[in-house]
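Contents: one structure, followed by commentary.
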Amino acid sequence: METIDYKPEAAKKALTYIQKGHAVGLGAGSTIAHLVKELAAVPALRESITVATASFNTRLLLQEYGFNVRETAAVAQLDLHFDGCDQFDRQLNALKSGGGVHTLEKLLAAMATRFILVGDGSKYVQKLLPTVPVVIELIPDALSFVQQALQRLYPDARLQLRLSNKKDGAVITERGNLLLDIWFTAFPPVAEINPQLKTIPGILETSLFYQMAHEAIIAGKDGVTVVSP
Ligand code: 5RP
């Protein structure tokens, strides 16, 4: 059966939020790539906005189209931040890190006056489900210590070091860190996950975006809808 890609429709709606002069953050993934292309087709916007991104691929695409891309280190505040995700619930808690850049994505989301998730309806669930892992970025020296701490904290969870598809090695993030997927059999209460994980030394950030998004643009067979928590 042919599956319809609704992401371009979600990206078209996202474009309508952006005004001249805005400082805009962009995450990673194919939905965001659609948004970059939509923006690039409106020269008056493309030339007047500044953009920060968490993703190497998104940055390359932005540069190809001549956007004014700022160094994240020089940015403290954004008008809007758009990002895709792998799953999100009715409160707009989101699980991310398909691209392994969730630490920077979360930083940009925290800078934004409005953080808007953009995605297709297949990712929208009543309650987050453990069909998607919670991913942690950790410093390499902490690998064994963090694995031991996690196994004690969540005895039923399966831990999987993110490995490269192309070579026989671990994925190393742009900042030289590792990614560890935590596969829960059932999620602990979602409010407790980040506080528990972030007290473990060596863990930089988790891919659970808890109570961060202000809105979500969802595209599906019935059209495009915008929801708030
Ligand atoms: C990157 C992400 C992506 O936003 C997520 O994987 C969704 O990607 P796509 O828009 O290609 O479906 O979380 O860290």
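No value in this document is a laboratory result; all are computed from the given coordinates. Not measured: the values here are computed from a predicted model. Every residue, glycine as well, gets a Cβ built from its backbone with ideal geometry; the counts of neighbours run over all protein chains shown.
For every residue, the table says whether it meets (1) closer than 19 Å to Val146 by Cβ; (2) touching a residue at least 40 places away in the same chain (Cβ under 8 Å); (3) not aromatic (Phe, Trp, Tyr).
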residue	(1), (2), (3)
Asn165	no, no, yes
Ile182	yes, yes, yes
Val190	no, yes, yes
Pro195	yes, no, yes
Thr206	yes, yes, yes
Gln211	no, yes, yes
His214	no, yes, yes
Ala219	no, yes, yes
Pro229	no, yes, yes
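Mind checking which strands (runs of 3 or more DSSP E) fall wholly inside the stretch 128-229 and carry at least 1 residues that are more than 21 Å from Gln91 (Cβ to Cβ) and touching a helix residue (DSSP H, G or I) at 6+ places or on another chain (Cβ under 6 Å)?
Numbers: elements: 134-138, 158-161, 178-183, 203-206, 215-220, 223-227.
Once the strands (runs of 3 or more DSSP E) in the stretch 128-229 are filtered for at least 1 residues that are more than 21 Å from Gln91 (Cβ to Cβ) and touching a helix residue (DSSP H, G or I) at 6+ places or on another chain (Cβ under 6 Å), what remains is 134-138, 158-161, 178-183, 203-206.
So which of Leu92, Leu35, Leu80 is more than 21 Å from Leu179 (Cβ to Cβ), under 15 Å from the mean Cα position of the chain (by Cα) and part of a loop (DSSP other than H, G, I, E, B)? Break it down stepwise before answering.
Details: Leu35 fails: part of a loop (DSSP other than H, G, I, E, B); Leu80 fails: part of a loop (DSSP other than H, G, I, E, B).
Exactly one of Leu92, Leu35, Leu80 is more than 21 Å from Leu179 (Cβ to Cβ), under 15 Å from the mean Cα position of the chain (by Cα) and part of a loop (DSSP other than H, G, I, E, B), namely Leu92.
Quick one: would you say Gln87 is away from the ligand (no atom under 16 Å from the Cβ) and either of a type outside the set (Lys, Arg) or touching a Ser or Thr at 6+ places or on another chain (Cβ under 9 Å) (or both)? Show your work before the answer.
Details: away from the ligand (no atom under 16 Å from the Cβ): no; either of a type outside the set (Lys, Arg) or touching a Ser or Thr at 6+ places or on another chain (Cβ under 9 Å) (or both): yes.
Judged against the criteria, Gln87 is not a match.
Hey, can you tell me all the residues within the stretch 12-23 that are within 16 Å of the ligand (Cβ to nearest atom) and out of contact with any Phe, Trp or Tyr (no Cβ under 7 Å at 6 or more places or on another chain)? It would help to see each step written out before you state the result.
In the first step, residues of the stretch 12-23 are kept if they are within 16 Å of the ligand (Cβ to nearest atom); the result is 12-15.
Selection gives Lys12, Lys13, Leu15.
Have a look at Leu107, Leu117, Leu129 and point out the one that is within 16 Å of the ligand (Cβ to nearest atom) and over 11 Å from the mean Cα position of the chain (by Cα).
Values: Leu107 fails: over 11 Å from the mean Cα position of the chain (by Cα); Leu117 fails: over 11 Å from the mean Cα position of the chain (by Cα).
That would be Leu129, the only listed residue that is within 16 Å of the ligand (Cβ to nearest atom) and over 11 Å from the mean Cα position of the chain (by Cα).
Among the residues of the stretch 1-32, write down those that are in a helix (DSSP H, G or I) and more than 20 Å from the chain's Cα centre (by Cα).
Step one: filter the stretch 1-32 for residues in a helix (DSSP H, G or I), giving 7-15, 30-32.
Once the filter is applied, which keeps residues that are in a helix (DSSP H, G or I) and more than 20 Å from the chain's Cα centre (by Cα), the stretch 1-32 yields nothing.
Say we look at the stretch 198-213 and pick out the residues that are crowded, with 16+ Cβ neighbours inside 10 Å and within 14 Å of the chain's Cα centre (by Cα); which of these is nearest to Asp83 (Cα to Cα)?
Result: Ala213.
For the stretch 29-47: of the residues being touching a strand residue (DSSP E or B) at 6+ places or on another chain (Cβ under 9 Å) and farther than 11 Å from Val118 by Cα, which is farthest from the ligand (Cβ to nearest atom)? Give the steps one after another, and end with the answer.
Filtering the stretch 29-47 for residues touching a strand residue (DSSP E or B) at 6+ places or on another chain (Cβ under 9 Å) gives 29, 31-32, 34-36, 39, 46-47.
From the residues that got through so far, the ones that are farther than 11 Å from Val118 by Cα too are 36, 39, 46-47.
Values: Val36: 12, Leu39: 16, Arg46: 21, Glu47: 26 Å.
Once the filter is applied, the top-ranked residue is Glu47.
For the stretch 66-77, give me each residue that is part of a loop (DSSP other than H, G, I, E, B) and either surrounded by 15 or more Cβ atoms within 10 Å (Cβ to Cβ) or hydrophobic (A, V, I, L, M, F, W, C) (or both). If you could, list the steps in order and put the result at the bottom.
Filtering the stretch 66-77 down to residues part of a loop (DSSP other than H, G, I, E, B) leaves 66-67, 70-71, 75-77.
Within the stretch 66-77, Phe67, Arg70, Val75, Ala76 qualify.
Which one is nearest to the chain's Cα centre (by Cα) among residues in the stretch 48-68 that are more than 10 Å from the ligand (Cβ to nearest atom) and small (Gly, Ala, Ser)?
Ala52
Quick test of your reading of the structure: Lys7 fulfils all but one of (1) in contact with a Phe, Trp or Tyr (Cβ under 7 Å, 6 or more places away or on another chain); (2) in contact (Cβ under 8 Å) with a residue 60 or more places away in the chain; (3) basic (Lys, Arg). Name the failing condition by number.
(1)
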